[in-house]
Amino acid sequence: MKNSKKITKPLLILSAIILPLTLLFPLWKIELTAPQYPEGLVMKIWLYKLSGDIEIINGLNHYIGMGAIHEKDFPEFMVLPYAVIALSIFGLLAAFLKASKWTHAYTISFMIFGIIAIADFWRWEYAYGHNLDPAAPINVPGMTYQPPLLGYKQLLNFGAFSIPDIAGWLFFLSAGLAILASAHLIRKGEW
């Protein structure tokens, strides 16, 4: 157990320290390009707010019947910063507690948190791109405008590109460190 902790403890501490840094940067970004917007439009999603060209995107989306994007429509913004801090504290506790079950509990909690966050984001994108106003000025039968969760998608004359931003990559790094810590313990036969 002592040799295992020499490796897992620094991994867990680093994982836990990285998490609060995600509050300082955007988590995800959706970039839109079109002939009439060669410089592109961007929406950045933070853990607690939105930034970027939201008003322009709302104005354009009105024409195809999509609802406006408002921060108040995201109750997650009130919870996510606290959830990240709690997860970070849990990671630090796991690093300093002797039992490997705490390391595994932290890693599993992190994975569950990530799955729920991605599923919630997909759910929002689905509703946003499918719940269209039938009286919109531009109505293309059968067309939906769900932005991609990850990657590129053509939506009429707009190209939409969705990718993690700085905080998203920090989340992946933090999760990866937690997974490495658990994997090391499992390899050593410590459950």
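A few points about this structure:
- Residue in segment 100-113 that is out of contact with any Cys (no Cβ under 9 Å at 6 or more places or on another chain), assigned to a loop (DSSP other than H, G, I, E, B) and buried (at least 17 other Cβ atoms within 10 Å of the Cβ) present: no
- From 168, 159, residue being part of a helix (DSSP H, G or I) and either within 20 Å of the chain's Cα centre (by Cα) or not polar (S, T, N, Q) (or both): 168
- Positions within segment 121-178 being of a type in the set (Lys, Arg) and out of contact with any strand residue (DSSP E or B) (no Cβ under 7 Å at 6 or more places or on another chain), in sequence order: 123
- Residue identified as touching a Ser or Thr at 6+ places or on another chain (Cβ under 7 Å) and hydrophobic (A, V, I, L, M, F, W, C) among 171, 121: 171
- Checking every residue in segment 134-152 against the condition of being in contact with a Ser or Thr (Cβ under 6 Å, 6 or more places away or on another chain), under 22 Å from residue 73 (Cα atoms) and assigned to a helix (DSSP H, G or I) gives zero matches.
- Unique match (being within 22 Å of residue 126 (Cβ to Cβ), at pLDDT 95 or above and out of contact with any Ser or Thr (no Cβ under 7 Å at 6 or more places or on another chain)) among 41, 47, 23: 41
- Residues in segment 154-179 that are farther than 16 Å from residue 26 by Cβ and either surrounded by fewer than 17 Cβ atoms within 10 Å (Cβ to Cβ) or in contact with a His (Cβ under 8 Å, 6 or more places away or on another chain) (or both): 154, 156, 157, 159, 176, 179.
- If you go through segment 180-191 and keep only what is under 19 Å from residue 113 (Cα atoms) and either among the small types (Gly, Ala, Ser) or loosely packed, with under 14 Cβ neighbours inside 10 Å (or both), you end up with 181, 182, 183.
The values are calculated or read from the model by the stated rules, or taken from the named source; none is laboratory data. Please read all numbers here as calculations on a predicted model, not as lab measurements. In this analysis, Cβ positions are derived from the backbone assuming ideal geometry, glycine residues included, and neighbour counts consider all displayed protein chains.
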